[in-house]
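The structure under discussion appears below in the form of structure tokens.
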2 protein chains.
Amino acid sequence: MPLMRAAVMRKGQLIVDDVPDPVPGPGQALVRTLACGICGSDLHFLKYGQRMVDLSKETTGVAMLDLGRDVVMGHEFSAEVLELGPDAAGPKPGTVVTSMPVMLNGFSMEDIRAVGYSNEYPGGYSERMLLSAPMLLEVPNGLDPRLAALTEPMAVGAHAVVKSGITPGETAVVLGCGPVGLAVVAALSLAGIEPIVAADFSPARRQLATTMGAHEVVDPREEPAIEAWRRVDGVRNVVLFEAVGVPGMIQAAMKDAPRWARILVVGVCMEDDSIVPMYGINKELEIRFALGYMPNEFADTLNAIAEGKVDVAPLITSEVDLDGVPGAFDALADPEEQCKILVRP
Amino acid sequence: MPLMRAAVMRKGQLIVDDVPDPVPGPGQALVRTLACGICGSDLHFLKYGQRMVDLSKETTGVAMLDLGRDVVMGHEFSAEVLELGPDAAGPKPGTVVTSMPVMLNGFSMEDIRAVGYSNEYPGGYSERMLLSAPMLLEVPNGLDPRLAALTEPMAVGAHAVVKSGITPGETAVVLGCGPVGLAVVAALSLAGIEPIVAADFSPARRQLATTMGAHEVVDPREEPAIEAWRRVDGVRNVVLFEAVGVPGMIQAAMKDAPRWARILVVGVCMEDDSIVPMYGINKELEIRFALGYMPNEFADTLNAIAEGKVDVAPLITSEVDLDGVPGAFDALADPEEQCKILVRP
């Protein structure tokens, strides 16, 4: 059986090993991974995989995968088309593409699989992947494949901004400037929202928030984000984006929010959480949860990057090869040093 | 000092006693209470008054009142105008009116007081009240003042329905058929929503829900409300109205809600509560909190009752005089016997 190299999650550990080389089936494309970003969700999954599998089963009714078997993660990628499988229509071999990390073998829930969170479909921490041929998007304008790999995380921010319903004339507070919070800042900036107030403990992350378009950045230990917002605007409608994803943040946003504010939760909190409903009631708050993106948002994000409307280069803080993946997972613990690490198999 | 009879909250007890007869100031009207509904909030307030005062101060920054002093509750009323104070323009003496229970002495937060939750302004559990003359609404069509007194609780339902953004073609599930849940059912019915599925443990309350316009009613111990909704529709967008107001109900609604559903929280839960954010995230739910109503919603509700579009008579399960108020508070503990008790001073 032909093999390829991959960073594999096996029995809760991340190791680099040989795994079966994938063979494209009907409607599938075999691609060579060019670049793949390491996502915070992958760090969570390595640590709390079983809880994530259980929560997914519990909340959606669908079992993602079996953690007793190998999983090759990596869902923020660009790639080169190597070969189209039987009956597969798509960009010809040699084309640089990206794609939503979704394998679409049909149109029922059982036919849709998450590339990078699957036992069957290895993600971008490997030399080669299978993708759904109809889902492939050609990377336009000769865009650097390393930048194209950031389409996925940036699309998460674009979707959150659309879901929030924010419109020019309204203002935004972004709590947390990890890759998700920074993607939200970039999408808000692209949507013409002003001012954007962003908060993070890390000076490096605050600097990145400014680079991505935040008008005011604060260390919440020194000044609460909502106070900074009151200082720079304090009058117009405000949407609070919760992009931290730890217990207590939703309630913190509910406490901070002015009357009639919207809270958009894009941080992924996997623990149980506690709220005081009276804050929601007395201020008539609205809380919207966002996850992922729609295909048009993904395509629009790729185009925005390719046309230079969003510069994602500053987010990439280092690059590693497959052997460097386990070390990169450890390095991402320090927000001062790292933001987005790209794997280049 | 002239006195009047009232049911007074004094040191956490409800007693019937003489209190100072109010004298109308500038912009105020002195009215004679004709009918006043007993609200679940008043039962809460008698039991957990200090917590409600603290939560209000904490969440809105405004101190409602001092529980060390007398409070005459009652905020769902109709009344007859007796006398207009200095510089007060309003309906002439003898006119039957209702009003939002708000004393508007000016336009800053400190100038706005809640009639019925105030040390200065006695509510409808008394012979006479002061109201804001510009807030008075003449009861039209010769509507029975006992029915006009239900404008306030029905307006809470109308506001919740507006806040939910529900439109014809969407469907509704109402969790809890106390007066608030029933007001929601009535407002949904008036808005042409179909089907409306309502759930309550009490057969009498379920019967009232049907009377108010619910198309399907269930005992949630026998069939979860969302299963009943799946049985009668299960396809179109659904808005879940949480009208119970005890801990765990928001999470129960989040667990029941299908993907992309909206949850409108109109039940007033005064305890801390626990949620699992992953339900919100994986299903991209939206949670909106509603409180009270807007002046136009209040006026529209009065007109809908007066024009016979909403029949509130079935909600009134008994009437008492002022001496009967303490006993009526006890009687409301049994949802099988009582729904709305009217006080007729």
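A few remarks follow.
- Residue check for B:V239: within 14 Å of chain A (Cβ to nearest Cβ) and either open to solvent by less than 10 Å² (accessible area, probe 1.4 Å) or in contact with a Gly (Cβ under 8 Å, 6 or more places away or on another chain) (or both): yes
- Residues (closer than 27 Å to B:I341 by Cα, within 14 Å of another protein chain (Cβ to nearest Cβ) and open to solvent by less than 40 Å² (accessible area, probe 1.4 Å)) located in the range B:56-96: B:S56
- In the range A:1-22, the qualifying residues are those that are assigned to a strand (DSSP E or B) and without any contact (Cβ under 8 Å) to a residue 60 or more places away in the chain, and the one that is least open to solvent (accessible area, probe 1.4 Å) is A:D17.
- Flag for A:V246 being under 20 Å from A:R206 (Cα atoms), open to solvent by less than 30 Å² (accessible area, probe 1.4 Å) and β-branched (V, I, T): no
- Among the residues of this structure, A:E271 does not count as one that is over 30 Å from B:M254 (Cα atoms) and surrounded by fewer than 16 Cβ atoms within 10 Å (Cβ to Cβ).
- Cβ-Cβ contacts under 7 Å between residues 6 or more apart (or on different chains), taken from a first residue in the range B:228-252 that is over 16 Å from B:R288 (Cα atoms) to a second residue that is hydrophobic (A, V, I, L, M, F, W, C) and at pLDDT 95 or above, are listed as B:A228/B:V197; B:A228/B:V218; B:W229/B:V173; B:W229/B:V197; B:W229/B:V238; B:V232/B:V197.
Let's see how each residue does on (1) under 25 Å from A:E284 (Cβ atoms); (2) of a type in the set (V, I, T); (3) within 20 Å of the chain's Cα centre (by Cα):
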site	(1), (2), (3)
B:V184	yes, yes, yes
B:L208	no, no, yes
B:V232	no, yes, no
B:P247	yes, no, yes
B:D256	yes, no, no
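- Test: A:L137 is under 19 Å from the mean Cα position of the chain (by Cα) and hydrophobic (A, V, I, L, M, F, W, C): yes
- Any hit, the range B:316-331, residues being outside any helix (DSSP H, G or I) and free of Cβ contacts under 8 Å to residues at least 12 places away in the same chain: no
- Checklist (1) closer than 25 Å to A:S274 by Cα; (2) in a helix (DSSP H, G or I) applied to B:L240, failing item: (2)
- Any hit, the range A:88-99, residues being at pLDDT 95 or above, under 18 Å from A:M64 (Cβ atoms) and in a loop (DSSP other than H, G, I, E, B): no
- Test: B:L82 is free of Cβ contacts under 8 Å to residues at least 60 places away in the same chain, more than 26 Å from B:P335 (Cβ to Cβ) and not in a loop (DSSP other than H, G, I, E, B): yes
- Tallying residues that are part of a loop (DSSP other than H, G, I, E, B) and in contact with an Asp or Glu (Cβ under 6 Å, 6 or more places away or on another chain) within the range B:243-258 yields 1.
- Restricting the range B:274-290 to residues that are of a type in the set (A, V, I, L, M) and without any contact (Cβ under 8 Å) to a residue 12 or more places away in the chain leaves a set whose member that is least open to solvent (accessible area, probe 1.4 Å) is B:I281.
- Flag if B:G40 is small (G, A, S), at negative phi and surrounded by fewer than 17 Cβ atoms within 10 Å (Cβ to Cβ): yes
- Where strands (runs of 3 or more DSSP E) sit wholly within the range A:108-216, those with at least 2 residues that are free of Cβ contacts under 8 Å to residues at least 24 places away in the same chain and surrounded by fewer than 24 Cβ atoms within 10 Å (Cβ to Cβ) occupy A:112-114.
The values are calculated or read from the model by the stated rules, or taken from the named source; none is laboratory data. Not measured: the values here are computed from a predicted model. When we count neighbours, we look across all protein chains shown, and the Cβ atoms used for this are built from the backbone with ideal geometry, even at glycine. Remember, those area values only see protein heavy atoms, side chains included, never the ligands or the DNA or RNA. Shrake-Rupley method; radii C 1.70, N 1.55, O 1.52, S 1.80 Å.
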